[in-house]
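Engineer: Here you go, one structure.
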Amino acid sequence: MVKKELLKNEQIERLLSPHPLSFMKLQALSIFVIVWGIMVWWLTNSSEYANMFSGNIWYRLILWGLVLLFVGVIASLVAIQWIIFFLYLGVFAGALGLIFWQHWEKDIALFIPLYSITVSLVGFLIVELYRRSHKYIITDLRIIFKGGIFTKRERTIRYDKIADIDAKQGILGQIFGFGTIIPVSESGFGLGSDKTMAAGGVEVGIKKARLFGFAGGGKEVQTPIARSYYELHGVYPYKDVKQLVENLLQTHVPTQYQKEQIEVEKQQVDIQTQMRDLLHKQMSETPRRKVGKQTIEEEPEEEEREEENTSMKKTFIPEDIYQPAQVDIQQQMKELLKKQKTARVLQPEENIEEEIEEEDDSEHERKKGT
Amino acid sequence: MTTVPLNIDSLVGAVLAPILGVVFFWFLQLIFIEIQKRMLSKLHHHHEAFCRFTNYIGILFQTICQALGYTVTRSGIASFQVTVNYGEVQPKKEKTGVLEWITRSFLLFGPFFIPSGLVLLASYFVIGKGFVFLIPVHFTFVESLTGFVVSLSTFANKFVSFLVTIDLFNPIHVGFLFVLLFLGFGIRPSYIGEKRKEKIDILHDLMLIKDHLVEKPLYILAIACIIYMFYLLSLFLNPMVYVGFFSIFGWMSLTAIIALLITYPVLILIKATDEIRTHWKIIPFITLVVSYVIARVFFIYYSTKQDESISLLVMILSITFITILLIKYKKTNRFKTAPKMKHMRIADGKKRTSKKRTD
């Protein structure tokens, strides 16, 4: 199934999905509903405070609902996700609806814990389904992220497009060995912001001055943040996966030196193309014998360039024979050679050795050709 | 004001008695910690996450104690970091001399007493009347020691009574039991790891403490003087205070010992479940909940005076029985002492028939 989605010559390095405990934040919402439901049952039936709730049958429901909504507000503010509040509001509204619909007013004491447990079990089931909908495919070319129960979402990122990697491991992650890895793309996908707002109002002397002061402010911090289906959420074993991604990233992203080399080579190719065009032009303009002379003279010049003896070249170049444009190009070539020389000094030893070997090979081939 | 006889027994013996009591209980605590460490190190291979969890609690307690040391000495806390592998607290100002020694004392002694002190505080609200002090009359070594032991035995009696009659349908009791388990798993101050060097034992802990004390003998002398002054002062003001003060340390040690003892059955259960078939490991844990709930529901209809205790007993017996049954199933293959023929066929790949061989 997964193989169909792969590109030509693409190989799967690892197939992953989130750890069962990686969505503990969502599961905690269900755990709280269960715990609070049982607590209310104990408080209103078996505790020493049970008499307080015996006056009115609705007291229990009011206590249960108010605390549920209060915790929902606090959790929403902390997590900056108002969906938590609306979720708890839905749970409370559902309980109210069921009581009125089925006329369970007299059985509220038993209804609250049973309803809490049922709702929480449904919550656990949904979280588990959501977790199982996630699939992460790490191949040798890219990372594919998939997720979503109803709306299927997918993200693909090539290693050369990854600008940064953010990795985090919470306490549970440290204990059970899972963690989250967010690849931030060059376009900034995977970067989000944490916003905090502060506001306060002061009313001084309502009758006298009716002054009303208001102060507010906001703060925004850029932070790596992504939906669980756009990141490697709660992957196990975290350290191995992180190592793998970093290794693959290293093999695909060119280093600064390599980038410079590519740039120099591009310029070299451009100049050589210009040289060729110029020679063609000269060949078409000058008599055949003279052109032959020029080409014979050019060959030793190239060999000299390989030997990096630029001072000697000057003496052999009969500048009066060439056109001004050709001289310019030769000048550019010299500068390029100088640039290459300086680059070689900074080049790591291994690369130098490789390059020397390559140069030797090319020289050898050239000699063979001549 | 009480009359104190001027003899060696009342001036030296009575002072030493509660200190010796605290030291004894602390050593007892160390031995129980060491037993737990041994049990955990045997589990480490199969339950790495569980060991990491206990390490984390231990490191958390240790780091909190160190931070408390810096707070008490007014060094300030620049950074506070706790991970599964290590904890780190950086002070704002590095203090030297006595303050540095006090900070180090918090780090070395704190993990044994501070977390259990917090649990002791919580137990006051759950257990209630178990905190008794005896007023000394004769001011002798034996009387001081008796006073200390009576305080501790009364507390232990109440604590154990509470645990035996614990109501697991009461969320506060369940919460307290979890806190106790957390303390029990985290009270050991050293790390349980796979590598030999990381398996720090009781001797290592004691060596560290000895080095710390021997390093500054003058400080020990100063502490001894302060304790003696405190004793003399308590004789004039309230003689109960001196023994009472050390009794609190004794309660802390006792709380820690009880917490450690509670963790043993949990560790034994985890170890026992390793002997059960992979997918059946959860059955003892389900039995734990189900058996208790069934017993409690049963006692709602046939109420007795010992509902909670009997339910607990039923729970413990059920788990033991089910676990032994499952282990036996795995080891002996459906309670037969000989292996099944079917398995033997698979083992050597030959089919056996009832025909006897002619040769």
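Engineer: Which of (1) more than 14 Å from chain A (Cβ to nearest Cβ); (2) in a helix (DSSP H, G or I); (3) not polar (S, T, N, Q) does B:A49 not meet, given it meets every other one?
Structural biologist: (1) is the only condition that B:A49 fails.
Engineer: Tell me, which residue of the stretch A:172-194 that is surrounded by fewer than 14 Cβ atoms within 10 Å (Cβ to Cβ) and farther than 24 Å from A:Q256 by Cβ is nearest to the other protein chains (Cβ to nearest Cβ)?
Structural biologist: Only one residue fits best here, namely A:D194.
Engineer: Let me ask something else about it. Being buried (at least 20 other Cβ atoms within 10 Å of the Cβ), outside any strand (DSSP E or B) and touching a His at 6+ places or on another chain (Cβ under 7 Å), is that true of even one residue in the stretch A:13-35?
Structural biologist: Yes.
Engineer: In the stretch A:38-54, what residues are within 11 Å of chain B (Cβ to nearest Cβ) and crowded, with 18+ Cβ neighbours inside 10 Å?
Structural biologist: Selection gives A:M39, A:V40, A:W41, A:W42, A:L43.
Engineer: Name every residue in the stretch B:63-100 that is within 25 Å of B:I220 (Cβ to Cβ), out of contact with any strand residue (DSSP E or B) (no Cβ under 6 Å at 6 or more places or on another chain) and assigned to a helix (DSSP H, G or I), in order of residue number.
Structural biologist: Those that are within 25 Å of B:I220 (Cβ to Cβ), out of contact with any strand residue (DSSP E or B) (no Cβ under 6 Å at 6 or more places or on another chain) and assigned to a helix (DSSP H, G or I): B:C65, B:L68, B:G69, B:T71, B:V72, B:V98, B:L99, B:E100.
Engineer: Could you please tell me which pairs satisfy a Cβ distance under 8 Å, a separation of 6+ or placement on different chains, a first residue in the stretch B:201-223 that is under 14 Å from B:L108 (Cβ atoms), and a second residue that is part of a loop (DSSP other than H, G, I, E, B) and modelled with pLDDT under 80?
Structural biologist: B:H204/B:S190; B:D205/B:P189; B:D205/B:S190
Engineer: What is the number of the single condition among (1) in contact with a Gly (Cβ under 7 Å, 6 or more places away or on another chain); (2) surrounded by fewer than 21 Cβ atoms within 10 Å (Cβ to Cβ); (3) closer than 22 Å to B:L30 by Cα; (4) not polar (S, T, N, Q) that B:F61 does not meet?
Structural biologist: It fails just one condition, (2).
Engineer: Any residue in the stretch A:131-143 that is part of a helix (DSSP H, G or I) and either touching a residue at least 12 places away in the same chain (Cβ under 8 Å) or farther than 12 Å from A:S30 by Cα (or both)?
Structural biologist: Checked against the condition, which is being part of a helix (DSSP H, G or I) and either touching a residue at least 12 places away in the same chain (Cβ under 8 Å) or farther than 12 Å from A:S30 by Cα (or both), the stretch A:131-143 yields at least one hit.
Engineer: Please verify whether B:E143 is assigned by TED's automatic domain parsing to the domain that holds B:Y231, acidic (D, E) and without any contact (Cβ under 8 Å) to a residue 24 or more places away in the chain, treating the condition exactly as stated.
Structural biologist: Working: assigned by TED's automatic domain parsing to the domain that holds B:Y231: yes; acidic (D, E): yes; without any contact (Cβ under 8 Å) to a residue 24 or more places away in the chain: no.
No, not satisfied.
Engineer: Restricting the search to the stretch B:1-43, which residues are crowded, with 16+ Cβ neighbours inside 10 Å and outside any helix (DSSP H, G or I)?
Structural biologist: B:V4, the sole residue that qualifies.
Conditions tested, residue by residue: (1) within 14 Å of another protein chain (Cβ to nearest Cβ); (2) under 14 Å from the mean Cα position of the chain (by Cα).
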residue: B:F24; (1), (2): no, no
residue: B:E34; (1), (2): no, yes
residue: B:H45; (1), (2): no, no
residue: B:G58; (1), (2): yes, yes
residue: B:T71; (1), (2): no, no
residue: B:F106; (1), (2): no, no
residue: B:G130; (1), (2): no, no
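Engineer: Here's another thing I want to ask about it. Considering (1) within 14 Å of chain A (Cβ to nearest Cβ); (2) more than 22 Å from the chain's Cα centre (by Cα); (3) surrounded by 16 or more Cβ atoms within 10 Å (Cβ to Cβ), say which one B:K95 fails and leave the rest.
Structural biologist: Only one criterion is unmet by B:K95, namely (1).
The values are calculated or read from the model by the stated rules, or taken from the named source; none is laboratory data. Just so it is clear, the structure is predicted and the values come from calculations on it, not from any experiment. Counting neighbours? That spans all protein chains shown, and the Cβs are built from the backbone with ideal geometry, glycine included.
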